[in-house]
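The values are calculated or read from the model by the stated rules, or taken from the named source; none is laboratory data. This one's a predicted model, so the numbers in the text were calculated from it and none came from an experiment. Every residue, glycine among them, receives a Cβ derived from its backbone with ideal geometry; neighbour counts consider all protein chains shown. Heads up: the accessible areas ignore ligands, DNA and RNA and are worked out on the full protein's heavy atoms, side chains in. Shrake-Rupley method; radii C 1.70, N 1.55, O 1.52, S 1.80 Å.
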Amino acid sequence: MPVPDFQSLMLPALKAFAGGGEPSLSEVRERIAAAEGLSAEDVREMLPSGRQAVFVNRVSWAVIYMERAGLLERVRRGVYRLTQEGEHLLSRKPSRIDLNLLGEYPDFAEWSQRANAPPSGKEVASKQSEEISDTPEEALDRAARQLSGALEADVLHRVRDAAPAFLERVVVDLLIAMGYGGGDATMGRVTGRSGDGGIDGTIREDALGLDEVYVQAKKYAEGNAVGEGDLRNFAGAIDAAGTTKGVFVTTSGFTRAAKDYVARSPKRIVLIDGEELARLMVRHNVGARTRDRYEVKRIDEDYFDQEAL
């Protein structure tokens, strides 16, 4: 089942601290997972960034927000306990705890204004509060994916609009940027040949040219997929050149028959369609460059660990 959003985890998290004691966050997460019926696979789901599990991230922010409201207090690193205010809230048997409810607590409202956290309390209606489902990391990841997706679409549009010879240059530049030929631009070249089965470029993987990767690039409009015949011709050209490696790139896509042919072929042929081409170009800064860079920092718990002093 999907991991509940961080606001939906607030009440289960607060309940996990009930009964006294000072449970660690790992113990709290185990209690929440059991109460919510989450499987081991559910709790292992990662954020798009791959840096943290979604469940861990959402529980952490649920705890942080409730601590800011005074419902929990930090005892030491990774350990919290329920406050009297938290016990009082649980005694009211709320059906839900969310940012709107936390906004009723002065400490949270003050912190929210200082930190420019998601608006709450009187500043936002309950409906709006319920719509805030992303933690800050998730919001950043979502925004980054949206920006990247828009950029990739623009990159692919530009490549499709350019001359076929430009695509050949793009593919060679991309493979060099990805580390083929040792990342040395002099190891790649556009051959300038044309026609079915022709070789549009080569990448030397060693200084003597004993091992080469052959490239073909097809500039097709969206919906005009590369078929099996094109791949057969390319495999024949690779064979005639005395090598076994090839990269076939298109600005469109590949038919199922073409993919099946490559899967059966003894040649080592990699297929890159338009979407993958744009994604790789953005990732390896070919036709794209970094405009802004943001650092996301966290508290250095070791520095503030008084017990270690």
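Mind telling me which of the residues SER60, SER49, SER8, SER26 ends up being hydroxyl-bearing (Ser, Thr, Tyr), closer than 20 Å to ASP134 by Cβ and in a helix (DSSP H, G or I)? Lay out the reasoning, then the answer.
Details: SER49 fails: in a helix (DSSP H, G or I); SER8 fails: in a helix (DSSP H, G or I); SER26 fails: closer than 20 Å to ASP134 by Cβ.
Result of the check over SER60, SER49, SER8, SER26: SER60.
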Picked from segment 101-113 (must be closer than 14 Å to ILE64 by Cβ and modelled with pLDDT under 85), the residue most open to solvent (accessible area, probe 1.4 Å) is TRP111
Checked ALA288, ALA278 against criteria (in contact (Cβ under 8 Å) with a residue 40 or more places away in the chain, open to solvent by less than 70 Å² (accessible area, probe 1.4 Å), under 20 Å from PHE166 (Cβ atoms) and not in a helix (DSSP H, G or I)); the one match is ALA288
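Looking at segment 216-245 only, could you name the residues that are in a loop (DSSP other than H, G, I, E, B) and within 32 Å of the chain's Cα centre (by Cα)? Can you show your working first?
We begin by selecting, within segment 216-245, every residue in a loop (DSSP other than H, G, I, E, B); these are 219-225, 227, 241-244.
Matches in segment 216-245: LYS219, TYR220, ALA221, GLU222, GLY223, ASN224, ALA225, GLY227.
Each row is one residue, and each column tells you yes or no for (1) within 26 Å of the chain's Cα centre (by Cα); (2) of a type in the set (Lys, Arg).
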site: LEU14; (1), (2): no, no
site: ALA18; (1), (2): no, no
site: ALA53; (1), (2): yes, no
site: ARG58; (1), (2): yes, yes
site: ALA62; (1), (2): yes, no
site: ARG77; (1), (2): no, yes
site: HIS88; (1), (2): no, no
site: ASN100; (1), (2): no, no
site: ASP107; (1), (2): no, no
For ARG189, the lone unmet condition from (1) within 29 Å of the chain's Cα centre (by Cα); (2) assigned to a strand (DSSP E or B) is (1)
Residues of segment 39-64 being small (Gly, Ala, Ser) and either over 29 Å from GLY86 (Cα atoms) or loosely packed, with under 14 Cβ neighbours inside 10 Å (or both), in sequence order, are SER39, ALA40, SER49, GLY50
Next on the checklist: It is to be established whether one or more residues within segment 216-232 are among the hydroxyl-bearing types (Ser, Thr, Tyr), open to solvent by less than 20 Å² (accessible area, probe 1.4 Å) and in contact with a strand residue (DSSP E or B) (Cβ under 7 Å, 6 or more places away or on another chain).
Outcome noted: no
When every residue in segment 6-27 that is under 14 Å from GLN84 (Cα atoms) and of a type outside the set (D, E, K, R) is compared, the one surrounded by the most Cβ atoms within 10 Å (Cβ to Cβ) is PHE17
When restricted to GLY70, GLY50, the only residue among the small types (Gly, Ala, Ser) and touching an Asp or Glu at 6+ places or on another chain (Cβ under 6 Å) is GLY70
Subset of segment 137-182, residues over 25 Å from the mean Cα position of the chain (by Cα) and open to solvent by less than 40 Å² (accessible area, probe 1.4 Å), comes to ALA162, LEU167, GLU168, VAL172, GLY181
Residue pairs within 8 Å by beta carbon, gap of at least six or interchain, first lying in segment 71-88 and over 16 Å from GLU104 (Cα atoms), second among the β-branched types (Val, Ile, Thr), listed first then second, are GLU73/THR83; TYR80/VAL28; TYR80/VAL63; ARG81/VAL75
Here the residues within segment 207-234 that are modelled with pLDDT of 85 or more, closer than 10 Å to GLY246 by Cα and touching a Ser or Thr at 6+ places or on another chain (Cβ under 6 Å) are TYR214
